[in-house]
Amino acid sequence: MRDVAQLKGFWNAMQALVAQRKLLAYHDRSDGGLLVTLAEMAFTGHCGVEADIAALGDDHLAALFNEELGAVIQVRAADREAVEAILAVNGLADCVHTSVKAVEGDRFVLTAGGQTVFSESRTTLRMWWAETTWQMQRLRDNPACADQEHQAKANDADPGLNVKLSFDINDDVAAPYIATGARAESGRPARAGGELPR
């Protein structure tokens with residue numbers, strides 16, 4: 001980092017994007033570089049990736065595995081211009097590369113000027129990524145359970161952990177009781193020996 005003003009600009013830009021609800025996903029590239037960052041985002045999103053890394057220079061290994069400060073953000077296509085404007089206002093216009101797309105399917109493809117640099121299925125990458133953890137779990141836990149969990153990672157139809165709410169998150173369940181004098185029903189404590197008070 002040669003310019004602390006860029007770090008400050010990055011912080012301010014991310015705060016603005018969060019406040020305006022423009023970010024779909026964020027991942028820094030500190031552990032493994034750009035390739036690992038994109039792969040982990042694809043694992044989580046159950047999507048493919050198409051990226052052109054030509055703008056990052058001729059040394060593809062350095063571009064893909066550089067762990068210096070940097071991040072990948074995912075935004076809606078409709079928000080792209082607004083996001084680029086926020087980044088520019090914060091002095092980051094020259095640091096932005098917009099040549100990555102999340103796509104449907106299982107392909108993870110990196111190109112440089114039309115030439116394929118790396119191509120693999122996301123599922124294969126995820127299974128490689130999870131191999132060490134799986135083997136450790138087999139030693140530590142029930143091997144059959146570890147095997148089952150590992151195989152679930154290969155099932156593209158498995159949504160993983162997700163939330164399906166049975167209620168409206170915007171409903172204020174306390175609202176009917178606030179400043180109305182109404183009291184919520186409550187249980188009555190039992191006396192020693194299990195006898196209920198009368």
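Put simply, of 105, 113 the only residue that is in contact with a strand residue (DSSP E or B) (Cβ under 7 Å, 6 or more places away or on another chain), of a type in the set (Gly, Ala, Ser) and either surrounded by 12 or more Cβ atoms within 10 Å (Cβ to Cβ) or touching a residue at least 12 places away in the same chain (Cβ under 8 Å) (or both) is 105. Per the listing 157, 175, 152, the residue uniquely loosely packed, with under 10 Cβ neighbours inside 10 Å, modelled with pLDDT of 75 or more, under 30 Å from residue 131 (Cβ atoms) and not basic (Lys, Arg) is 157. The number of residues in the stretch 58-87 being more than 25 Å from residue 31 (Cα to Cα), surrounded by fewer than 17 Cβ atoms within 10 Å (Cβ to Cβ) and not charged (D, E, K, R) comes to 4. Restricting attention to the stretch 138-154, the residues being part of a loop (DSSP other than H, G, I, E, B) and within 20 Å of residue 124 (Cα to Cα) number 1.
The residue pairs whose first member lies in the stretch 122-147 and is on the phi > 0 side of the Ramachandran plot, whose second member is surrounded by 15 or more Cβ atoms within 10 Å (Cβ to Cβ) and modelled with pLDDT under 95, and whose beta carbons are closer than 8 Å, counting only pairs six or more residues apart or on different chains, do not exist in this structure.
Checking 128, 134 one by one, the residue that is under 20 Å from residue 159 (Cα atoms) and surrounded by fewer than 14 Cβ atoms within 10 Å (Cβ to Cβ) is 128 and no other. Counting only strands (runs of 3 or more DSSP E) that sit completely within the stretch 1-94, zero hold 2 or more residues that are basic (Lys, Arg).
The values are calculated or read from the model by the stated rules, or taken from the named source; none is laboratory data. Note that the structure is predicted; figures quoted are calculated from it, not measured. Counting neighbours? That spans all protein chains shown, and the Cβs are built from the backbone with ideal geometry, glycine included.
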